[in-house]
Amino acid sequence: MKKSNIFNPAIITIGICIFFSSCMNSPAKSVTSDSTGKKMPFDTTAAQTVIAPADSLAIAVRDVIAKYPGVKADVKNGEVLLTGEIDGLKLQYLITDINTLRPKKVMNKIKVKRSKRK
């Protein structure tokens, strides 16, 4: 008695081609059921919340600026505009902290206060 080989590569390839070609022209349908059990189309836009890079940069800049009282920042199109006043010794740290966020450009309009020495 001859064994039939169901894992023959030729048969598998033909089966895959038939399967995919039969599904190729029909649109993908995604359904879910609500609390009443009725089937309804699944809306993926409500489930996906994507933060744009500009928004994440603005949030990160806001967190950095919180450590430096008297400094304000405005973020537009990936560029950071720094305004306000800061102690001269802290300016270098502020600029370094902002640059680690990798904005397109940093515009420094900060007025530097003289640091008081003892």
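Scan the stretch 66-83 for residues that are among the hydrophobic types (A, V, I, L, M, F, W, C) and surrounded by fewer than 18 Cβ atoms within 10 Å (Cβ to Cβ) and jot them down.
Across the stretch 66-83, the qualifying residues are 66, 81.
Within the stretch 84-118, the set of residues being open to solvent by less than 90 Å² (accessible area, probe 1.4 Å), within 15 Å of residue 60 (Cβ to Cβ) and touching a residue at least 24 places away in the same chain (Cβ under 8 Å) comprises 94, 97, 98, 101, 103, 106. Just a yes or no: is a residue in the stretch 72-90 within 19 Å of the chain's Cα centre (by Cα) and on the phi > 0 side of the Ramachandran plot? There is at least one residue in the stretch 72-90 that is within 19 Å of the chain's Cα centre (by Cα) and on the phi > 0 side of the Ramachandran plot. Reported count of residues in the stretch 52-94, each being under 13 Å from residue 106 (Cα atoms) and of a type in the set (Ser, Thr, Tyr), is 1.
The values are calculated or read from the model by the stated rules, or taken from the named source; none is laboratory data. Computed from a prediction, not measured in an experiment: that's the story for all the values here. Backbone-built Cβ (ideal geometry, glycine too); neighbour counts: all protein chains shown. All accessible areas refer to the heavy atoms of the entire protein, side chains included, with ligands and DNA or RNA removed. Shrake-Rupley method; radii C 1.70, N 1.55, O 1.52, S 1.80 Å.
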